[in-house]
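Input: a single structure, listed below in structure tokens.
The values are calculated or read from the model by the stated rules, or taken from the named source; none is laboratory data. Here the structure is a predicted model, which is why all the values come from computation and not from measurement. Don't worry about glycine lacking a Cβ; one is built from the backbone with ideal geometry, like all the others, and counts go over all protein chains shown. Each accessible area value is taken on the protein alone, full model and side chains, heavy atoms only, with ligands, DNA and RNA left out. Shrake-Rupley method; radii C 1.70, N 1.55, O 1.52, S 1.80 Å.
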Amino acid sequence: MVDYCFTFLKDKFPEIEKMTKELEFNLYNQNSMSVLTMGGSIAENIINKVCEYEDVLISDLTTQESRIDYLFDKKVLSSRLTKDFHEIRHLRNMVVHQAYQGDIDEAYTVHHIIYNIIEWFYKKYEDPEYEIPGYSAMLYEDKKYIQQLYDEALAGDKKITPPLLCPTCGFEVSKENRYCPECGERLKNLDINQDVAKKIENFPITEELYSDELEKYQLQKELETKNTRLIDYQRRRDDQIHDLKKKHKRQLDELYAALNNVNLDLTDITKKIKSLENKSFLTQQEKVDLKDANEEKDYLLNERKIINKRKTLLFEKQPCEMQDLIDDLNFERETIDQMNYREQEEILNDIAIEKRRLRRVQRNIENGYKREKFIICPHCGERNTLDTVYCINCGSIIKPNLKPNHKVYCTQCGLLLYSDYDYCTSCGHWMH
């Protein structure tokens, strides 16, 4: 990812580059009002530079509006650029004079317009050959970054599983053990995890900290349908293109209908004129009728000429109208893509931060957990905690002197052995 869109301005136009950097900072912090204001300042700065390059006296044009219109009249600005400059000027005036707050959609639109204006300005007055990436690729040219965040958000995390503990003394054992190495208890149920888990009431299982499959699915759907801008846009795009096609067809149908009526009238009047001209003698009324018919024929011929001219102009105008509409819709789509990428990145970053926090919580829980061991009373067999001196059941002294236990039990055959044995003397099992 690049930091911002207008890095290429730094060497040639540092003052504009500084303003665009501030504009994007406010955009990312969703300060719409500042974006609209800064966008107006950038547009005004560029107009002043264009006037300077085109040798236009700014003193003769006192307002931003008059300068834009003057440059349009001189064919310096296209109709699209003129519309963009006026839109940004209008939004800034609303902020300055009416305390207009604006919204994030308008902020992204201004950002996109400024990008198009600067792209035109840089290529026209600095380097026509300079290749500037498309707007939608600028902020998020590395789409692997978004995919990485997405995969991270949906990645499964290992849950803490309760340790396998001896049901008699509480010593942690392996699922391969058949006898407890601490007390020699035979572990009849090799899959003792289920039984032991019920006995460990205070063990902090953190599986609720992580998404289950249903939550992952819901997260995925949320990311896909977080906002409906794209869906609404596609519906609106189809409707607008369809409406424009219907309008063009209606215009052509009206022209063809008018042309057909003119041709029919022209055919009738031509027949009438021929019939009158073929007569050897014309009455005074017939002479008047012939004169009127010729005048009507001239009118109809001129009308047909006008209709054909309108048809030619319409054939030239309709593709331009369609292209202008498509350009506007593509502009809107690029802006929406930028907004959606930005929102998706924010969502995924928030999820990543939360998951990192939860992992720290899990590690703290794991590191802070201490398994509980027991001492078996030699008189009554009651289980007592390690710090117990007198049995809680019979009261017999069970720990007069704390001496290390140098005896262990073989985990395979249960034979009592000394801890310095490497192999069991009964079954030969490796003790370490």
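Residue-by-condition table, conditions (1) closer than 30 Å to Glu87 by Cα; (2) touching a Phe, Trp or Tyr at 6+ places or on another chain (Cβ under 9 Å):
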site	(1), (2)
Leu314	yes, no
Pro319	yes, no
Arg333	yes, yes
Asp337	yes, yes
Gln344	yes, yes
Asn349	no, no
Arg360	no, no
*Do we find that Ser34 is over 25 Å from Glu131 (Cα atoms), open to solvent by 70 Å² or more (accessible area, probe 1.4 Å) and among the hydroxyl-bearing types (Ser, Thr, Tyr) in this structure?*
no
*Cross-chain or 6+ apart pairs with Cβ under 6 Å, segment 81-108 first and closer than 11 Å to Thr37 by Cα, then of a type in the set (Ser, Thr, Tyr)*: Arg92/Thr37; Met94/Tyr100; Val95/Thr37; Gly102/Ser32; Ala107/Ser32
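Would you check if Val35 is more than 24 Å from Val76 (Cβ to Cβ) and β-branched (Val, Ile, Thr)?
Numbers: more than 24 Å from Val76 (Cβ to Cβ): yes; β-branched (Val, Ile, Thr): yes.
In short, yes.
Can you name every residue in segment 254-281 that is open to solvent by 100 Å² or more (accessible area, probe 1.4 Å) and either assigned to a helix (DSSP H, G or I) or closer than 23 Å to Lys309 by Cα (or both)? Outline the logic, then answer.
We begin by selecting, within segment 254-281, every residue open to solvent by 100 Å² or more (accessible area, probe 1.4 Å); these are 254, 256, 271, 274, 277-278, 280-281.
Result: Glu254, Tyr256, Lys271, Lys274, Glu277.
Looking at Gln220, Gln251 in this structure, which one is loosely packed, with under 14 Cβ neighbours inside 10 Å, in contact with a helix residue (DSSP H, G or I) (Cβ under 9 Å, 6 or more places away or on another chain) and at pLDDT 55 or above?
Details: Gln251 fails: loosely packed, with under 14 Cβ neighbours inside 10 Å.
Of the residues listed, the single one that is loosely packed, with under 14 Cβ neighbours inside 10 Å, in contact with a helix residue (DSSP H, G or I) (Cβ under 9 Å, 6 or more places away or on another chain) and at pLDDT 55 or above is Gln220.
Restrict the check to segment 323-343 and report whether at least one residue is modelled with pLDDT of 70 or more, in a helix (DSSP H, G or I), over 21 Å from Thr109 (Cα atoms) and within 36 Å of the chain's Cα centre (by Cα). Before the answer, list the steps.
In the first step, residues of segment 323-343 are kept if they are modelled with pLDDT of 70 or more; the result is 323-343.
With in a helix (DSSP H, G or I) added as a condition, the list becomes 323-343.
Filter once more, keeping what is over 21 Å from Thr109 (Cα atoms): none.
No, segment 323-343 has no match at all.
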*For Asn308, are the conditions met, namely being assigned to a helix (DSSP H, G or I), among the polar types (S, T, N, Q) and touching a residue at least 40 places away in the same chain (Cβ under 8 Å)?*
yes
*Would you check which residues across segment 19-37 are modelled with pLDDT of 90 or more and farther than 11 Å from His111 by Cα and list them?*
Met19, Met33, Ser34, Thr37
*Select, from Glu54, Glu65, Glu106, the only residue that is more than 36 Å from the chain's Cα centre (by Cα) and at pLDDT below 95.*
Glu54
